[in-house]
Each structure stands twice: as C-alpha cells, then as structure tokens.
Amino acid sequence: MGKHARPADQMFRSSFFLLASTVTTAGLSFLFWVVVARFYPPEQVGLATSLISATSLLSYLSMFGLNSTLIRFPAEGRARNGQITQSTALVLLVSCGAAGIYLLGLPWYGHKLLFVRDHAHLAALFVLSCACASLNLLVKSVFISARMAQYNVLFDGILQGLAKLAAPVALAGFGAAGILGSAGIGYAVAGAAALLLLRHRLGFRFDFRTRGTRLREQLRFSVASYVSSLINLAPVLITPLIVLQKLGAAEAGYYFVAFQIAALLNSVSTAVGEAVFAEVSSDPSRFGELLRRSAKIIAAVQVPAVAVVAAGSGLLLMVFGGGYTTAARGLLGVLAVAALPVALNTWACFGLKLAQRMKQLIAANAVLASTTIGLAAWWAPHGLVRVGCAWGIGNLAAGLFATAALLRGRPSAPRPPEPDADPGPGPALVDTLPLRAVRLPGPTTAAPQSAAPPSAAAPSAAPQSAAAPSAAPPSAAPQSAAASSAAASSAAPPAERYRP
C-alpha cells in the first residue's frame, strides 16, 4: 500500500521543490538584472542578454535528450554511476561544440556580437559558461529522478544566484563582457556544488563502464526528446535575435527583462510537469490520475499569478528604472496573459512524452516554432507588443495541437517496463542479467535427479503424465524443490539477486 500511497504526495513535494528552485533562481536573477540595469547602459544590457540567452539555450540543446532519459529510464545499481558519467561527458562535449558553432555563425545572425568571437578570452568564457550551464541542467534531472529536488534549490537556486549577484558591480567596467562573466561565475559555482552533492548525497562516483547503462537501448527516445527540445527552444533563441536586429540593442534589453519576468509564470507548469514526469516514470499505472491532478494544480496556481503580474506589470518594471516601465509595460502584460497557453502547451507536451508519442510531440513543437518565429519576424517592425503576441499565439496553436493529440481516443498509460519481481522504473535490461544467473544453476541442480540414461527416461514420460498423482516418480519431490527454489530466487528483490 505504501508504494501506491506515495506518488500523489511525492508529486506535490517534488512540484513544490522544483517550483521553489525556479522561484529562487528567478528571484535572485531578478535582483541580478536590477543591479545590472542600474550599473550598465541599456545597449550593453541588450548585448549581454543576447549572449546569456544563447548560453542558457545552448545548454538545453546540449542535453541531447539525456536529461529526459535519466528520469524516464534510470539504470539500476552500480550501472547508474556509469549512466550519469557517460551522459555528463557527452553533454559537456556537445555543449562546447555547440558554443563554438554558435560563435562561428555570428556573422550570419548576430554581427553585433562579433566582439566575443574576436577576443579569445571572451570566446573561452562563453564556451565555459555553456559547459557549466549544461552540467547544472543534467544534474538537476538526476536529483529529480531520485526524488530529491530539494538539492536543486540549493545549488541551482541559492548558490548560483548569490554567486552571480556578487559579481556585476565589480565587473561594471567591462561592459557586456562583465555581465556575461558574472553569469559564468554563477554557472561555475553551481556546477561544482552539484558534483559535490552528487558524491555526498547519492554516492556518485565517475564510472565509464557501459554495461547496464541502458543509454544505447534508449537511444531512440533520447534522440526524439532532443529533436523535440531543439525545435521547442528555437523561438526562444531566435526571437531575441530578431528583436536585436530589427529594433536595436536597447529594445532587445527591454524584451529580455520582460521575458524573464514572464518566465517565472511559465515555470509553474514546467515544475509540475517535471514532477509528474518523474512520478509516472516510477509508476506508469498512475498516468491518467497524475496527469489530471497536475492540470488542476497548474490551473489553481497559474491563473491568479497571471492576473497579478498582468495588473502590476508597471510596478514590477519600475524597479528596473523609468525607461523599462515606459518601453516594456505593454509587452509584459501580453507575455503574462500568454503564460496560460504556455501552460497548456507544456502540460500536453509532458503528457505526450510520458505516453512516448514522440512524433506528435515533435509535430507540436514544430507548430510552436514555425508560428512564433514567422509572426515575430513579420510583426517585429511594429514593436515589442506584437512580438509578445507572436509568442502567445504560437503557444496557443501548439497547445491545442498537443492536447488534441494527447486526448485522441483516450490517453493511455506509458508502456511499463518488462515484468520483474521489483516493479522499478524503466525497461528491465539490467534485470534480465540476474535472471540468467538464476537460470544457469538450474541444469546443474536437476542433472543428478535422473540416474537412468536418456534412452530409458524418454519412453516413461507418457505413462508418467497419464498416471495418477500418487504414481509420481521419486524424482518429482526434488524437481518440485528445485522449482520452488528457482521461483523464490526470481521473486526476490533485485538487490538480493545481485548479492554475491
């Protein structure tokens, strides 16, 4: 009963800590940008926001879907260390490569940011920031899978925010590079703290052995998740560049600040969705129940929050200065209302990912990207409010598409793992190994039971099967004992079967 009584409470607990992590990060980031807005001109803020947006989004793209795989299909026992180690190595490699490609392509889509590529130390800072940010994201998924999201509050929220907040005043003389360096310091401190927490709280040790990690077996899911994330993040990455190129650096700064405030609203649906993703991955039988409950939680929190932010947009922006209130108030109001279709889209896409309907998930994100980017490029010359409308319309279209795909027929529970005595999460790739170890002694135990040669045993098989139970041969008792022993071994928990 305990196993089935836990998921609902655990979902609330995980949702709370994930939301607390996001709120802490957003709150300290809010203070960070208040300080930046006071000590840096809007033009420098606009340049830095484009770089920091690229850093955050490239780190998401570098996940290669492994953050979802670590939650959905965690490896068992010692193989978990290998799974995390190999995922970390791959993510760090991809993030550095993606940052390098981004810098090489700046002449085509960000010529105002070429000063980063032209200075080796700034280019190295950008690449290192991307690597540390991607490490933080991957470790967050490990703690979510372990149902220990409270540590995300510590390293990704508090430590990163405080480290980042302490730097911008000291680096004010470096312009946009000082803002980027402040963010990079926060990423580095959080990454180091994340590795220490993995070691001391989860017993993590680096292990490059591949056996039992299940990464190769779940490659299709990882790739589909990666493609979906790539398409999903395209409008978030491209829209600030559209604003920068068509409206200027100052307008890009106004857009970034308003979008960061609205992102706090969007984090509600993301936090609840991640909690549901972890819980359903552990117990697929509660898919429908937890999905419906998550929708109620999102609605209960999101609607009042949207009303508050939309009504108080002017007061919130006043903290950044009078220029932000005048230029970004209308945009923030639109982005606040757009948080409702964003919540619909996020909820439905998490449902599609849990149900492993990856084609529909990719299609929904394609609707989001094409609609948002197309409308933003078309409407950007008309001002920031139109760009915000493009974001809301794109999410509404994608959310309706994803919801229709999820509810077509009936939302079915995700495919459960292979049957095993311990109904843990994920396919039983590792669990088949101890089952073979149990079967192997079988023939050795059964061999002494039959003293007669094979030729003599064969003719007696038919009469024995037709005889009454009282006519069973003497070897039946040892066979029953052996079968009972094998059944008991297969019914034991995996930890017992692995025990030497």
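Straight-line cross-link reach from Lys296 at under 24 Å between alpha-carbon atoms covers these lysines, not counting any fewer than eight positions away in the same chain: Lys3, Lys353. Computed extension length for Trp378-Leu114: 92.5 nm, one decimal, from 0.36 nm per residue of separation with the Cα-Cα distance subtracted. If you sort Leu57, Leu230, Leu104 by accessible surface, 1.4 Å probe, largest first, the order is Leu104, Leu230, Leu57. Remark: spin-label model distance Phe174-Val303 equals 4.8 nm, labels positioned 7 Å along the Cα→Cβ axis.
In a fully extended conformation the segment linking Ala192 and Ala124 would gain 22.7 nm over its present Cα-Cα distance, using 0.36 nm per residue. Look at the Cα gyration tensor of region 160-312: its axes a ≥ b ≥ c give a/c of at least 1.5 with a/b at or below b/c, and that counts as oblate.
When nucleic acids and ligands are ignored and a 1.4 Å probe is applied, Trp379 ends up with an accessible area of around 50 Å². Seen through its C-alpha gyration tensor, with square-root eigenvalues sorted a ≥ b ≥ c, region 229-374 comes out oblate because a/c lies at 1.5 or above while a/b is not bigger than b/c. The Kirkwood hydrodynamic radius of region 188-262, based on inverse pair distances between different Cα atoms, is 16.5 Å.
Fully extending the segment from Arg205 to Lys296, taken as 0.36 nm per residue of separation minus the present Cα-Cα distance, adds 28.8 nm.
Largest accessible area first, the residues Phe221, Phe115, Phe12 order themselves as Phe12, Phe115, Phe221 under a 1.4 Å probe with ligands, DNA and RNA left out.
About the centre of its Cα atoms, region 245-352 shows a dipole size close to 220 debye [charges on the beta carbon of Lys, Arg (+1) and Asp, Glu (-1) only; nearest 20 debye].
Rolling a 1.4 Å probe across all protein chains gives Arg201 an accessible area of roughly 140 Å².
Of the residues Asp156, Asp118, the one with the largest accessible area comes first in the ranking Asp118, Asp156, computed with a 1.4 Å probe on protein heavy atoms. Legend: calculated FRET efficiency, Leu315 to Met148, from the Cβ-Cβ distance at R0 = 35 Å, rounded to 0.05, equals 0.45.
The values are calculated or read from the model by the stated rules, or taken from the named source; none is laboratory data. This is a predicted model, so every value here is computed, not measured. Note: ideal-geometry Cβ built from the backbone for every residue, glycine included; neighbour counts use all protein chains shown. In case anyone asks, the SASA skips ligands and DNA or RNA and just uses the protein heavy atoms, side chains included. Shrake-Rupley method; radii C 1.70, N 1.55, O 1.52, S 1.80 Å.
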